[in-house]
Amino acid sequence: MSRLAELIEELCPDGVEYRRLDELFATRNGYTPSKQDPAAWDRDDVPWFRMEDIRENGGILESALISISNSAVKAGRVFPANSILVATTATIGAHALVTVEHLSNQQFTSLQPKECARGLFDPYFLYYYCFLLDEYCLHHANVSSFASVDMRAFRAFEFPILPLDVQREIASILDQFTTLEAELEAELEAE
C-alpha cells in the first residue's frame, strides 16, 4: 500500500468533506495603476503580476517581471504571500501560487484564505488542486467579445478539506512528477 493510501485510510476513514470557494477564500480582483501617474511606476516596491510572469517563470512565483510603487497600492492593501492568482478573464485556464506579498493586474482574481480556512491548506497542495479549478473555469466561461469566468459558478467551486499530512503527500508526489516531466522534456529537446 502506498504512503498516500495509508494516510487516507488512517486520516480520512469517513471520507472527505468539500466546501465552497466562497466559504473558504476571500477574493480580490487585481488592477492596473494608471499609466498617467509616473509615480505609480517609478519604484520597485510591490511585485505586480501579469500573465507574462506565469508564461516566463511558471506557476510558483516569488518575483514579478514588473513592480509598482507603494503609492499605487489602493488603500495600502496588497495580496498576502501564498495567495493563489486565478485568471478569470482573457486567458482563462491559468493560475499561480505567489509566495510573496504582491498585486496583480485585473486579469486575475486572488484567492486568500478566510479566517475559518487559515491553517487548513498547504499552499503547494492548493496550487496543484487549482489545476482542477482552471478546467472548471474553462467550462464556466462567458464567451462574448471578452471571455470571463461566470463568477457565481467560480464561487461555487469546491475544495476538499484533507488533513495537512495528506495534502503534503499529494503535493510531494506531484512535485516528483513535475520534476520528472521537466527532465524528460529537457532530454527530448537535447536530442
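The values are calculated or read from the model by the stated rules, or taken from the named source; none is laboratory data. Computed from a prediction, not measured in an experiment: that's the story for all the values here. Please note: Cβ atoms are built from the backbone with ideal geometry, for glycine as well, and neighbour counts cover all protein chains shown. We work out accessible area using only protein heavy atoms, side chains counted, and drop any ligands, DNA or RNA first. Shrake-Rupley method; radii C 1.70, N 1.55, O 1.52, S 1.80 Å.
May I ask you to verify whether Thr91 is open to solvent by 30 Å² or more (accessible area, probe 1.4 Å) and closer than 29 Å to Ser145 by Cβ? So Thr91 passes the test.
Identify, please: which residue in region 7-61 is among the acidic types (Asp, Glu) and touching a residue at least 60 places away in the same chain (Cβ under 8 Å) and is, among those, surrounded by the most Cβ atoms within 10 Å (Cβ to Cβ)? Per the stated criteria, the residue is Asp22. From the list Leu111, Leu85, Leu138, the lone residue that is touching a strand residue (DSSP E or B) at 6+ places or on another chain (Cβ under 9 Å) and open to solvent by 70 Å² or more (accessible area, probe 1.4 Å) is Leu138.
Would you be able to tell me the number of residues in region 99-108 that are in a strand (DSSP E or B) and open to solvent by 10 Å² or more (accessible area, probe 1.4 Å)? Residues that pass the stated criteria total 0. Every listed requirement among (1) on the phi > 0 side of the Ramachandran plot; (2) more than 17 Å from the chain's Cα centre (by Cα) is met by Gly119 save one, (2). Scanning region 141-181 for residues that are in contact with a Leu (Cβ under 6 Å, 6 or more places away or on another chain), part of a helix (DSSP H, G or I) and not basic (Lys, Arg), which turns out most open to solvent (accessible area, probe 1.4 Å)? Filtering first and then ranking leaves Asp165.
Of the residues screened, Ala96 is not one that is assigned to a helix (DSSP H, G or I), among the small types (Gly, Ala, Ser) and touching a residue at least 12 places away in the same chain (Cβ under 8 Å).
In region 139-158, the residues that are more than 13 Å from Thr109 (Cβ to Cβ) and at pLDDT 95 or above reach residues that are loosely packed, with under 14 Cβ neighbours inside 10 Å and not β-branched (Val, Ile, Thr) with C-beta atoms within less than 8 angstrom, at least six apart or across chains, in these pairs: Ala156/Arg20; Glu158/Tyr18; Glu158/Arg20. For region 62-82, the set of residues classified as under 28 Å from Cys116 (Cβ atoms), within 18 Å of the chain's Cα centre (by Cα) and open to solvent by 30 Å² or more (accessible area, probe 1.4 Å) consists of Glu62, Val78, Pro80, Ala81, Asn82, listed by residue number.
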